[in-house]
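This report concerns only the one structure given below.
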Amino acid sequence: MTSFNLREVASLVAGIAVLAIFQWLGSLVSEALQLPTPTAVTGLVLLFVVLSIMGDAPLWLAQTCHRLISLLSLFFIPAGVGIFFLGDIFTDNWLAIIAAILVATPIAIVITALIMQFLLRRFAK
Amino acid sequence: MNDALRSFFSAPATTEGLLGVMITALTTLLVCAVYGLALKTYRRAKHFPLAHPLALGSIALAFLVAILYGDYSHFRDHSQVFYWFLGPTTVALALPLHREFSRIRAVAKPVSLGLLAGALISPAVALALAWALGGDKVLLSLATKSVTTPIALELSEKIGSIAALAAGVVIFTGVVGALTAAPLLRLAGIKDERVLGLVLGINAHGVGTATAFQVSPRCGAFASLAMGITGIVTALILPLLVRLFA
């Protein structure tokens, strides 16, 4: 084990701690202002504001952010497994669920694309 | 052998002492191993959306859970570590959002207007369709379908939808969106890379953003921005709408 590895681990831990602190601050703000938003999203907005004031994140924090985001799928897989164990909820509503995924998604894609294209052209100078 | 394995893993999470800790540790290893294999396959498949680790990993893991644990709730209770990381990861999304935001300043106005509209329209289409097909009881779980996964999960807790359903719907919406966006835009005669990126981020969150980065870095940047803003806008508005109508 070199000191380089140790430093990397330390900055990862510090980065996660900072993000967790922002989430905690988010929960304080959400509670104080009676926001219905999830606490982590309030934390996201707080960090965004701080980054806008600071200009950019320090390297160690940026590295932690990228590391965590690249592992997003890993963190989410256990929750995703749940859809295969729904039982009655799925069998009673399978048509609505499948349609929302297979039919509504392409429709929404076309609508949002047309709106985006229109707006980009409209505001183009 | 199989029975012995199952009776081991299916011990409830309340199992105290060494056994409980061991099952939790093994569960964590199992999830990591499945994810590692899924990621390898995804790279082999040249980042084809159907092979995205979210889709492939959750399907593969579902089989293992059915065989080993028998019951989803045991597995869920032993995999709480992963849920914990979703919070800090959501906060971490502030960084790419901040960086993309300063990069696209020139088109900030049309893009933010479009994102606001898109974040409302894509769940609305799904809800209208599902409602017409009689899915009243699952509507709330479909409302978060286009939102990046950690935000969707937190939101489902907040608005009281079925977390397991919401999570699965998010994953497969992402896959369908990533697969269909480029062909659909080609059909509609839209060639603007920025539009493709934005649409992928709005409708197909992380899976779509990964696909957008395959198109070009610029397309990917627009997709990450769209994914972040859609997540935030939905998180701000959805709980209010639920409060109004429920």
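Just to be sure before I move on: is B:LEU196 modelled with pLDDT of 95 or more, assigned to a helix (DSSP H, G or I) and either touching a Cys at 6+ places or on another chain (Cβ under 9 Å) or not hydrophobic (A, V, I, L, M, F, W, C) (or both) in the structure I sent? Walk me through how you get there before you give the answer.
Numbers: modelled with pLDDT of 95 or more: yes; assigned to a helix (DSSP H, G or I): yes; either touching a Cys at 6+ places or on another chain (Cβ under 9 Å) or not hydrophobic (A, V, I, L, M, F, W, C) (or both): yes.
It is true that B:LEU196 is modelled with pLDDT of 95 or more, assigned to a helix (DSSP H, G or I) and either touching a Cys at 6+ places or on another chain (Cβ under 9 Å) or not hydrophobic (A, V, I, L, M, F, W, C) (or both).
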| If B:PHE75 passes every condition in (1) facing another protein chain (nearest Cβ under 8 Å); (2) surrounded by fewer than 23 Cβ atoms within 10 Å (Cβ to Cβ) but one, which one does it miss? | (2)
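Considering only region A:1-98, give the helices (runs of 4 or more DSSP H) lying wholly within it that have at least 3 residues that are β-branched (Val, Ile, Thr) and open to solvent by less than 50 Å² (accessible area, probe 1.4 Å).
Working: elements: A:3-33, A:39-54, A:59-70, A:72-80.
Qualifying helices (runs of 4 or more DSSP H): A:3-33, A:39-54.
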| query | Any residue at all in region B:98-117 that is polar (S, T, N, Q), assigned to a helix (DSSP H, G or I), within 7 Å of chain A (Cβ to nearest Cβ) and at negative phi? | reply | no
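Looking at region B:126-138 only, could you name the residues that are within 7 Å of another protein chain (Cβ to nearest Cβ), open to solvent by less than 60 Å² (accessible area, probe 1.4 Å) and under 22 Å from the mean Cα position of the chain (by Cα)?
So in region B:126-138, the residues within 7 Å of another protein chain (Cβ to nearest Cβ) come out as B:126, B:129-130, B:133-135, B:137-138.
Those still in the list that are open to solvent by less than 60 Å² (accessible area, probe 1.4 Å) too: B:126, B:129-130, B:134-135, B:138.
If the condition is that a residue be within 7 Å of another protein chain (Cβ to nearest Cβ), open to solvent by less than 60 Å² (accessible area, probe 1.4 Å) and under 22 Å from the mean Cα position of the chain (by Cα), then B:ALA126, B:LEU129, B:ALA130, B:GLY135, B:VAL138 are the ones that fit.
Residues are listed down the side, and each one gets a yes or a no for (1) under 21 Å from B:GLY228 (Cα atoms); (2) open to solvent by less than 10 Å² (accessible area, probe 1.4 Å):
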position	(1), (2)
B:ALA45	no, no
B:PHE63	no, no
B:ILE67	no, no
B:PRO88	yes, yes
B:ARG105	yes, no
| query | What is the number of the single condition among (1) in a helix (DSSP H, G or I); (2) within 8 Å of the chain's Cα centre (by Cα) that B:LEU155 does not meet? | reply | (2)
| request: Tell me which residues, restricted to region B:175-195, are free of Cβ contacts under 8 Å to residues at least 24 places away in the same chain and either more than 10 Å from chain A (Cβ to nearest Cβ) or open to solvent by 10 Å² or more (accessible area, probe 1.4 Å) (or both). | output: B:THR180, B:PRO183, B:LEU184, B:ARG186, B:LEU187, B:ALA188, B:GLY189, B:ILE190, B:LYS191, B:ASP192
| request: Scan B:SER156, B:SER161, B:SER141 and give me the residue that is surrounded by fewer than 24 Cβ atoms within 10 Å (Cβ to Cβ), within 30 Å of B:SER79 (Cβ to Cβ) and of a type in the set (Ser, Thr, Tyr). | output: B:SER161
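Here are some residues: A:LEU72, A:LEU119. Which one is under 30 Å from B:ARG76 (Cα atoms) and facing chain B (nearest Cβ under 7 Å)? Before you say what the answer is, go through the steps one by one.
Numbers: A:LEU119 fails: under 30 Å from B:ARG76 (Cα atoms).
Only one candidate passes the filter, namely A:LEU72.
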| said: If a residue must be free of Cβ contacts under 8 Å to residues at least 12 places away in the same chain and facing chain B (nearest Cβ under 8 Å), how many such residues does region A:57-68 contain? | reply: 3
| Going through region B:56-72 one residue at a time, which ones are within 24 Å of A:LEU71 (Cα to Cα) and at the interface with chain A (Cβ under 8 Å from one of its Cβ atoms)? | B:GLY57, B:SER58, B:ILE59, B:LEU61, B:ALA62, B:VAL65, B:TYR72
| request: Would you check if there is a residue in region B:223-245 being within 16 Å of B:LEU120 (Cα to Cα) and hydroxyl-bearing (Ser, Thr, Tyr)? | output: yes
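The values are calculated or read from the model by the stated rules, or taken from the named source; none is laboratory data. These numbers were taken from a predicted model, which means no experiment stands behind them. Quick reminder, even Gly has a Cβ in these numbers, built from the backbone with ideal geometry, and neighbours come from all protein chains shown. The accessibility values were calculated without ligands, DNA or RNA, using every heavy atom of the protein model including side chains. Shrake-Rupley method; radii C 1.70, N 1.55, O 1.52, S 1.80 Å.
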